[in-house]
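Have a look at the structure below before the remarks.
The values are calculated or read from the model by the stated rules, or taken from the named source; none is laboratory data. Small disclaimer: the values here were computed from a predicted structure and weren't measured. Every residue, glycine as well, gets a Cβ built from its backbone with ideal geometry; the counts of neighbours run over all protein chains shown. Ligands, DNA and RNA are stripped out before the accessible areas are found, and what is left, the full protein with its side chains, is counted by its heavy atoms. Shrake-Rupley method; radii C 1.70, N 1.55, O 1.52, S 1.80 Å.
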Amino acid sequence: QAGREQFDRLISEDSRIEPRDWMPEAYRKTLARQISQHAHSEIIGMQPEANWISRAPSLKRKAILMAKVQDEAGHGLYLYSAAETLGTPRDKMTEDLIAGKARYSSIFNYPAVTWADMGAIGWLVDGAAIANQVPLCRASYGPYGRAMVRICKEESFHQRQGFEILLELANGTPAQKEMAQDAVNRWYAPALMMFGPPDDDSPNSKQSMAWNIKRFSNDELRSRFVGMMVEQVKVLGLTLPDDQIRFNEDTQQWEHAPLDWDEFKEVLAGRGPCNAQRMERRREAHEDGAWVREAAAAYADKRATAAAQQKAA
Amino acid sequence: QAGREQFDRLISEDSRIEPRDWMPEAYRKTLARQISQHAHSEIIGMQPEANWISRAPSLKRKAILMAKVQDEAGHGLYLYSAAETLGTPRDKMTEDLIAGKARYSSIFNYPAVTWADMGAIGWLVDGAAIANQVPLCRASYGPYGRAMVRICKEESFHQRQGFEILLELANGTPAQKEMAQDAVNRWYAPALMMFGPPDDDSPNSKQSMAWNIKRFSNDELRSRFVGMMVEQVKVLGLTLPDDQIRFNEDTQQWEHAPLDWDEFKEVLAGRGPCNAQRMERRREAHEDGAWVREAAAAYADKRATAAAQQKAA
Amino acid sequence: SADVVEYALRLGDDSLMLAQRLGWWISRAPELEEDVALGNIALDLIGHARSFLSYAGHGLDKTEDDLAYFRSEPEFRCAHLFVQPNGDFARTIARQLLVSHYQFELYSRLMHSTDPTLAAIAAKAVKEVDYHRDHSSQWVLRLALGTDESRRRMIAGLKLTWPYVEELFVDDQLIDTLGDAAVRPSTLRAPVDSLLASLFAEAELEIPAVPAAVGGGRHGRHSEHLGYLLAEMQVLAREHPGATW
Amino acid sequence: SADVVEYALRLGDDSLMLAQRLGWWISRAPELEEDVALGNIALDLIGHARSFLSYAGHGLDKTEDDLAYFRSEPEFRCAHLFVQPNGDFARTIARQLLVSHYQFELYSRLMHSTDPTLAAIAAKAVKEVDYHRDHSSQWVLRLALGTDESRRRMIAGLKLTWPYVEELFVDDQLIDTLGDAAVRPSTLRAPVDSLLASLFAEAELEIPAVPAAVGGGRHGRHSEHLGYLLAEMQVLAREHPGATW
């Protein structure tokens, strides 16, 4: 009871909940699901970009791309750690992912088929991720908020790199410019859908906002994002594939063309272009790595036993 | 005793020994070694050419190359069957190959690094093989001789295709012509060494000739081959990397520059450019296929048992 | 007509990509007999691809090699199934099973096409594909009913391959336009399903319960696999533009 | 001088090829920590490659990218070891162990080169390679002493990699000409062998008893692996000659 009161007080003061604090089971479950989903997204999200490491068209871009995909593994690590403070071990989360029980961001079920996708993913997908995540730096759960601070810093860096890739292409040869526009065309709508379903179709948002996990509604975040992109795309000299973008002076919100939520649901249900491929790759890496993890554990055990024996002797 | 007499008579009449005939143990062993080595050479020899199937520069060439490499698997099959008639099962021969106990032609330990190598291998390596093998069609052991008849027919076809590849390149762009000459330069000496060491360093040849397995000495065959190549290379508009080729009117033999038999022995001892790679690939294919072969055997057993039960019922 | 050209590209690209995949097995198969068998299938497929691409090339004033080696990724028209990785032998067999049943039904109707060239190519191809169908069906039985390991792998191979089946049976505008010159993909689904059902019954296999993947290959929207395949297939030809071989 | 250019190409190409190989692991490693660790090593190596190739490019009026993307196979100067396939994790670690010990000894001498640019690049690289050496040594211990399976794989990985070690230590004319600007490869053999010997003793491993393979990479004679690696690495750059990225 004292725990509940303290929790409510901390929330109402907009303070932080820490792992040892009492928290409602639903709060713990919501967070655990959200953080692990976010971690899985980082891990699965490595794949579309890893697809271009070997073919990056300059050594500088190759290095930047490698560093970026590697950062995503790092983000996965922070987030799994944050989720572990809620009581679920990383192994369990990984198993759930492999077994298809856990979700990850649907956007990564689209293929990265050209180099320009490295630009569009950086600019649009990381851009949307940041718009989503900046408010999460103030999430009420301490470890999550702190992980987000670190991640957001790196993500803005990634987004700038994505923008630069597109800028270089947009100012390059006609073929390069066409490649850039095509990538923006393909990633625009999926990026907007990253903010989640429209507010009137997002039943859990309200509770998350009450718990100070979420700070803005899906539509608010999406609208703000569209507003940023519509400015930046001009700098690129490209266009967004949406002729209905306008600023509504009454609502003070950016508006855009309706999104194809049926497609979103299809992809979410596993019927995207790459769902099977992404899961297969992750499963394969996990299974192929099992003997390595077992070896590392066995070796650590042997060393610990030897150290203990030495101490005893 | 009667067996020995019959064997000697058949050999002296230049007739054929068949699997059920009595034969000296040394004859059996010599043949078993020679035929299985020949079979292994077909199988390992698939690798340098298989290396270019996926990159063949026209669909016609791709089809021809696929068919050729596939033919080599077929040759391997005939030869293993011929060797099996001497009492060694195919499995055992394969195991010996994988374990590094059995030999195969050293020439396949050189890499096929350009498309022109498909031409040079066909023209020079298959050419040397044919020069070696045509006399083997009359080998005293029946199953071997008959297998060689079939193989030689296909090999001449392959040699012509190799010649055509080189001809096309030699009449192509300067880069293509250079590629062709480079390939001929690299494969010429190894091809000459395919006939085996010089006669004064080939201790087993004499016995093989007495048994009507071998019909000509290594140097005789090599000389004859050089004579053919020196004519054909003119048609190609290329040169052989040997300025000492001449016809010796006294001996009636073609002469050529001395060969680097030290290199030959190094490669034979496992220190060629690709020995490790060739063995690894074969081992990997064999091990990766084990579960398939086991499944096929288990299925055949189940079917046989079911058929027997049905018959009994 | 441009429509027939487009249709011939679809058929040719399907077979070309699968031939390219199968060629990898030659020198790596589980037994020599399979180096030969998979090599034969690859050779048949490359033959079909050459016929269809030559025909398409007539309408475009291009050779089969122009089309195979000098188109870029979005210009190819293959369905995703044909470009799926080989994986282990079971996965290759799963892909082959699905392809050969599809192609058999397709060609056995296309041989009555109102386009005489398509009809002639199909009439020749259907006999070869009949053998492919038999080859893969026999292997499905052996692997599904052989050992525990082979059964596990056969099931896994089918599961990995199944998402790419649906794309084969999708109709589109082009099919409407072509009328009786083409075969309507959706009409092939029932006969393929029914043949597979009886094979699966014998093999004690179930249809994998996995969602279909979105395709798009017919319109140049490919999976991430095709780029790698083309990089390798085209590298030499592109290094020497204008050369003959 | 042309000789220094040639030498810088050797060093740059070695690291470039290995970075290209290691990049494959990012998103496929046995645990996330290794995605990060192998990614770091690949990044270090690509950094070294860029330094050496830029320096070589100075003398040739070419950029690092001209050299990486627009040379043909025989123009590369990497030793065969750096292009060996990844295989499983143990084989990758075996390759990394041998490379990092070689590069550590090399760079710790090259930092005293009479060529100031080579010396500066080596001085920076040696610190990073020291970490690579530690990373691979730790893994060799874990795998060799971990489970039966990991030990079997570690031994197999070393055996597959060992034939390509000898090429690293071969002197040639270029080395004679360069004198104190370069490091004489044969002088690195003893220190590398001695460090490996003590690690192998701790890991209870033997030096694999396998013959050395003939190399030739320093003179443009490569294994069959390089062509595939280059086809993939260069495909996009070559499709857009003259473009910047």
> For region C:1-130, what is the Kirkwood hydrodynamic radius in Å, using each pair of distinct C-alpha atoms?
Replying inline: 14.9
>> Given axes a ≥ b ≥ c from the Cα gyration tensor, I'd like to know whether region B:207-313 is rounded (a/c under 1.5), prolate (a/b larger than b/c) or oblate.
In response: prolate
> Å³ per residue of the Cα convex hull, for chain B?
Replying inline: 165
>> Could you work out [θ]222 nm for the protein assembly as shown from helices alone, using -39500 (n - 2.57) per DSSP H run of at least four and dividing by all its residues? Round to the nearest 500 deg cm²/dmol.
In response: -21500 deg cm²/dmol
>> From the Cα trace of region D:60-160, what convex hull volume per residue do you get, rounded to a whole Å³?
In response: 118
>> Just to be sure I understand the model, the point goes 7 Å from the Cα along the line to the Cβ. What's the resulting A:ARG20 to B:ARG150 distance in nm?
In response: 8.1
> When DSSP assigns beta bridges and you keep just the ones with both residues in the protein assembly as shown, what percent turn out antiparallel, to the nearest 5?
Replying inline: 75
> What does the convex hull of the alpha-carbon atoms of region D:121-245 project to on average, in nm²?
Replying inline: 11.3
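Can you work out the FRET efficiency for the pair B:GLN207 and D:ARG152, with r the C-beta to C-beta distance and R0 = 45 Å, to the nearest 0.05? Could the numbers behind the result be given before it?
On the way: r = 43 Å, r/R0 = 0.96.
It comes to 0.55.
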> For peptide D:137-143, how many partner chain Cβ atoms fall within 10 Å of a residue's Cβ, on average?
Replying inline: 3
> Given the C-alpha centroids of region A:1-45 and region D:42-60, what is the distance between them in whole angstrom?
Replying inline: 48
>> Residue by residue through A:268-281, how many Cβ atoms from other chains fall within 10 Å of the Cβ on average?
In response: 5
> Using the Cα gyration tensor of region D:31-107, with a ≥ b ≥ c the square roots of its eigenvalues, what is the shape: rounded (a/c below 1.5), prolate (a/b larger than b/c) or oblate (neither)?
Replying inline: prolate
> Which residues make up the longest stretch of chain A that has no trypsin sites (Lys or Arg not before Pro) in a DSSP loop with at most 10 other Cβ atoms within 10 Å?
Replying inline: A:102-313
>> Skipping prolines and chain starts, which residues have an amide H placed within reach, meaning under 5 Å, of the one on D:ILE26, given they are 5 or more residues away or on another chain?
In response: none
>> Sequence gap at least 6, Cα distance under 8 Å: using those rules, report the relative contact order of region B:137-204 to the nearest whole percent.
In response: 13
> Chain A: which residue's Cβ hugs the A-to-B rotation axis most tightly, distance rounded to whole Å?
Replying inline: A:ASP288, 7
> How far is A:ARG146 from the same spot in each other copy, in nm, shortest first, if each label point sits 7 Å from Cα toward Cβ?
Replying inline: 8.2
> Say R0 is 60 Å: what FRET efficiency, to the nearest 0.05, do A:ARG303 and C:THR117 get from their beta-carbon distance?
Replying inline: 0.25
> Measuring from centroid to centroid over Cα atoms, what is the spacing of region A:87-122 and region B:106-152 in Å?
Replying inline: 53
> Label-to-label distances across copies for B:ASP250, with labels 7 Å out along Cα→Cβ, in nm, shortest first?
Replying inline: 11.3
>> Could you work out the percent of alpha carbon pairs in region A:76-151 separated by over 22 Å, rounded to a whole number?
In response: 38
> Do the alpha carbons of any pairs in B:LYS29/B:LYS68; A:LYS60/C:LYS159; A:LYS234/D:LYS62; A:LYS62/A:LYS265; B:LYS153/B:LYS214 sit beyond 28 Å of each other, and which pairs?
Replying inline: B:LYS29/B:LYS68; A:LYS60/C:LYS159; A:LYS234/D:LYS62; A:LYS62/A:LYS265
>> With a 1.4 Å probe, what is the total accessible area buried between chains C and B, in Å² rounded to the nearest 100?
In response: 4000
>> Under 14 Å between alpha carbons, and skipping anything fewer than 8 positions from C:LYS127 in its own chain: which aspartates and glutamates qualify?
In response: C:ASP44, C:GLU105
> Considering the rotational relationship between chains D and C, which residue of chain D contributes the beta-carbon of minimal distance to the axis, and what is that distance to the nearest Å?
Replying inline: D:ALA231, 3
> Between C:SER186 and A:ASN185, how many nm apart are label points set 7 Å from Cα along the C-beta direction?
Replying inline: 2.7
> In peptide B:245-251, how many Cβ atoms from other protein chains are near each Cβ within 10 Å, on average?
Replying inline: 0
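Take every Cα-Cα pair in region D:178-245 and report what % of them are more than 21 Å apart.
Value for region D:178-245: 60 percent of Cα pairs lie more than 21 Å apart.
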> Rounded if a/c is under 1.5, else prolate if a/b beats b/c, else oblate: with a ≥ b ≥ c from the C-alpha gyration tensor eigenvalues square-rooted, which is region A:144-216?
Replying inline: oblate
> From the label point of A:GLN207, set 7 Å from Cα along Cα→Cβ, how far away are the matching label points in the other copies, in nm, ordered shortest to longest?
Replying inline: 8.7
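Using the C-alpha atoms of chain D, what convex hull volume per residue, in cubic angstrom, is computed?
Normalising the Cα hull of chain D by residue number yields 120 Å³.
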> When only DSSP loop residues count, what GluC sites (Glu not before Pro) in region D:102-177 have their Cβ near at most 10 other Cβ atoms within 10 Å?
Replying inline: none
>> How big is the protein assembly as shown along each principal axis, measuring the range of its Cα positions in Å and listing the largest first?
In response: 109, 78, 65
> With r defined as the distance between the Cβ atoms of B:ALA175 and B:GLU231 and R0 fixed at 25 Å, what FRET efficiency is calculated, to the nearest 0.05?
Replying inline: 0.40
